[in-house]
Amino acid sequence: MYRFQRLTLTTKTLHRHHNHCFFSQAAAAIIEEPPSIQTTLLDGLPEPGPLETIFAIPRSDSGKNVSAKERKAGRVPSIVFEQEDGHHGGNKRLISVKKNRIRNLVNELGRPFFLSKLFELDVRPQFESDEVIEKVRVLPKAVHLHAGTDEPLNVTFIRAPSHALLKVDIPLVFRGEDISPGLRKG
């Protein structure tokens with residue numbers, strides 16, 4: 001397969017090579033696309049599948065004392081930002097999620113995989129309630145863990161609608177690095 005890519009030359013480049021100018025600013029080049037790469041899943045690592053659900057309840061206040069009360073009640077204070085750069089504006093929603101659910105997900109997936117996986121967030125009036133206030137697809141942006149106990153202290157989510165373009169850190173796993181001659185030599 002081939003695709004066309006527009007080449008743009010600056011006027012500085014055109015003046016420097018005015019005698020050897022073979023392209024106009026509207027010229028196109030043919031670039032060969034690389035063949036598709038077959039991917040395989042590694043044993044022991046999370047597999048892609050349907051979105052897992054995290055249940056949440058709304059909260060109205062924020063602050064150190066409110067967060068401490070939430071943690072004492074077995075919940076993790078969290079926030080959902082409307083846009084990726086939510087710290088500089090945008091809509092945000094204060095929520096609380098169950099501590100056990102976040103701890104299990106982080107332990108099961110691993111922290112890097114937890115931060116690169118989409119989740120379905122169900123916001124309800126109470127955890128036991130069947131009424132859903134809001135159902136949204138989210139991506140965890142940050143999870144803060146206690147230094148000594150690895151208990152989740154807070155989680156920051158970003159709304160991830162299907163049309164959104166988000167930057168995600170993808171964890172890379174290298175196979176065979178224990179038998180690589182280059183790595184053994186240092």
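Here Arg175 passes the criteria (1) within 24 Å of the chain's Cα centre (by Cα); (2) in contact (Cβ under 8 Å) with a residue 60 or more places away in the chain; (3) under 15 Å from Ile54 (Cα atoms) except the one numbered (3). One residue is enough: does the stretch 161-168 have a residue meeting the conditions without any contact (Cβ under 8 Å) to a residue 12 or more places away in the chain and at positive phi? No - not one qualifying residue is present in the stretch 161-168. Against the numbered list (1) under 18 Å from Arg75 (Cα atoms); (2) open to solvent by 80 Å² or more (accessible area, probe 1.4 Å), Lys167 comes up short only at (1).
Return the pair list, or none, for Cβ contacts closer than 8 Å from residues in the stretch 43-55 that are closer than 19 Å to Asn100 by Cβ to residues that are open to solvent by less than 100 Å² (accessible area, probe 1.4 Å) and β-branched (Val, Ile, Thr), at least 6 apart or on different chains. Going by the 8 Å Cβ cut-off, the qualifying pairs are Ile54/Val97; Ile54/Ile102; Ile54/Val138; Phe55/Val97.
Can you give me the number of residues within the stretch 176-186 that are surrounded by 10 or more Cβ atoms within 10 Å (Cβ to Cβ) and part of a loop (DSSP other than H, G, I, E, B)? Let's see the steps before the verdict.
Within the stretch 176-186, the first condition is being surrounded by 10 or more Cβ atoms within 10 Å (Cβ to Cβ), and the residues that meet it are 177, 180, 183.
Next, only the ones that are part of a loop (DSSP other than H, G, I, E, B) stay: 177, 180.
Total meeting the criteria: 2.
The values are calculated or read from the model by the stated rules, or taken from the named source; none is laboratory data. Predicted, not measured: the structure shown is a model, and the values here were computed from it. Every residue, glycine among them, receives a Cβ derived from its backbone with ideal geometry; neighbour counts consider all protein chains shown. With ligands, DNA and RNA removed, areas are computed over all heavy atoms of the protein, side chains included. Shrake-Rupley method; radii C 1.70, N 1.55, O 1.52, S 1.80 Å.
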